[in-house]
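The values are calculated or read from the model by the stated rules, or taken from the named source; none is laboratory data. Quick caveat, the model's predicted, so the values are computed rather than measured. With ideal geometry, Cβ positions are generated from the backbone for all residues, glycine too; neighbour counts draw on all protein chains shown. Please note that ligands, DNA and RNA were not included when accessible areas were found on the heavy atoms of the full protein model with its side chains. Shrake-Rupley method; radii C 1.70, N 1.55, O 1.52, S 1.80 Å.
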Amino acid sequence: MKKPSLLTDILLTVAASVLSAIGLHVFVNAAGFAPSGVDGIAMMTQELTGINMGYVSLALNLPLLLAAWFFISRKYVVYTLLYTFLSSVMLIVAEQIELYQYVTQTNTWLAVFASGILLGVRTGIMVRMGASSGGMDIIAGMVQKRRPYLNVETLISLFCYIIIGLSFFVYHNLESVMMSVVQMMVFNLAMGAMLKPSRNAVEVRIITDLPEQFKTDILQELGHGATVIPCQGMFTGEQKSMIVTLINLRQMNDLIKISRRYPGCFIYYSETAGVWGNFRWNRFDKLI
């Protein structure tokens, strides 16, 4: 797989910063709730003091990034710092030029869903680059580096919900708390969608007496490699072969048609979480 260029990484960081500024300034700022994490702390500070959350975000993230310099990779810190600086500046400028904000009394939940999607995509972009959108992600990265066996996600989620709970004392109503909770759920769904591979692959295991013929059909008709593993039936004690292959989701029907040529074969399969390496997505790709 081709490694992303420096220019691509910079452009993605800028794009993530724009999405963050839009999500926070246009949708969250006027809706009367706080997002989770450091964004939420910055938003509540702005609500209480009037200090633009861009300044607060910089003040909170810079010490974290300084500490991360000694624990996490340099690329992680550099791109997270670039993102933090750009998104903070955009928030400050947006306030200065009085950029449009979504203000409504009848459909504030639109701001919840829109901001959750935008901020989730933002964080997904940064994580896929090997960086982060700052705040709790920096803390999670440092903790994971020193204590890889800890369930960091649960710990960070707990802190995020504590921050959301504290927002009640800033906005003084339960609806704002529920908006924050829902936004965090939408955020997690959007981020998960970004981190999931853009194409689906299926791992297939085939138990058969005719491995060579079956393997040849997979290679020639589906264009994918396969691994043959000797195995033995537990009930019958017969020697058989297991063919393990990875194919595209849309090729499953073709594989089922191939299997009909070999009565007695047994197939089971599952969708993979991700694919990395020499895998053919279409018939024009070259296999090494």
Cα gyration tensor shape of the stretch 74-162, rounded if a/c is under 1.5, else prolate or oblate by comparing a/b with b/c: oblate
Candidate aspartates and glutamates for bridging to Lys75, where Cα separation is under 13 Å - those fewer than 8 sequence places away on the same chain excluded: Asp9
Rg/Rg_globular for the stretch 122-273, with Rg_globular taken as 2.2 N^0.38 Å and Rg from C-alpha atoms: 1.61
Cα pair distances exceeding 18 angstrom across the stretch 72-121, given as percent: 55 percent
With all protein chains modelled, accessible area of Met126 [1.4 Å, Å²]: 0 Å²
Derived scalar couplings ³J(HN,Hα) [the stretch 57-63; Karplus, 6.51 cos²θ - 1.76 cosθ + 1.60; whole Hz; x for Gly, Pro]: 4, 4, 5, 7, 7, 4, x
Candidate aspartates and glutamates - alpha carbon under 19 Å from Lys145, same-chain residues fewer than 8 apart omitted: Asp137, Glu153
Alpha-carbon centroids, the stretch 155-190 and the stretch 208-269: separation in whole Å: 49 Å
Paramagnetic label zone (point 7 Å from Cα along Cα-to-C-beta, Gln101; backbone N under 18 Å) in the stretch 28-51: 28-36, 39-51
Point-to-point label distance, Leu66-Leu158, nm (Cα→Cβ direction, 7 Å offset): 2.8 nm
The chain, relative contact order in percent, only Cα pairs under 8 angstrom and at least six apart counted: 20 percent
Vicinal HN-Hα couplings computed from phi for the stretch 79-87 (Karplus, 6.51 cos²θ - 1.76 cosθ + 1.60; Hz; Gly/Pro x): 6, 5, 5, 4, 4, 4, 5, 5, 5
Efficiency of FRET between Leu195 and Arg146 - r from beta-carbon atoms, R0 30 angstrom, step 0.05: 0.85
Peptides ranked, highest mean first, by Cβ atoms within 10 Å: ranges 82-88, 54-60: 82-88, 54-60
Estimated 222 nm signal from helices in the chain, with DSSP H stretches of n ≥ 4 weighted -39500 (n - 2.57), rounded to 500: -17500 deg cm²/dmol
Efficiency of FRET from Cβ geometry, Leu6 and Arg250, R₀ 30 Å, rounded to 0.05: 0.30
Within straight-line cross-link reach of Lys240, aspartates and glutamates at Cα separation under 14 Å, skipping those fewer than 8 residues along the same chain: Asp209, Glu212
Karplus-derived HN-Hα couplings along the stretch 209-224 (A = 6.51, B = -1.76, C = 1.60, θ = phi - 60°), whole Hz, x at Gly and Pro: 8, 10, x, 5, 5, 5, 4, 4, 5, 5, 5, 7, 8, 9, x, 10
Intensity falloff of the chain expressed as log10 I(q)/I(0), Debye formula with alpha-carbon point scatterers, at q = 0.09 Å⁻¹: -0.59
Globularity index of the stretch 1-127, i.e. its alpha-carbon radius of gyration over 2.2 N^0.38 Å: 1.09
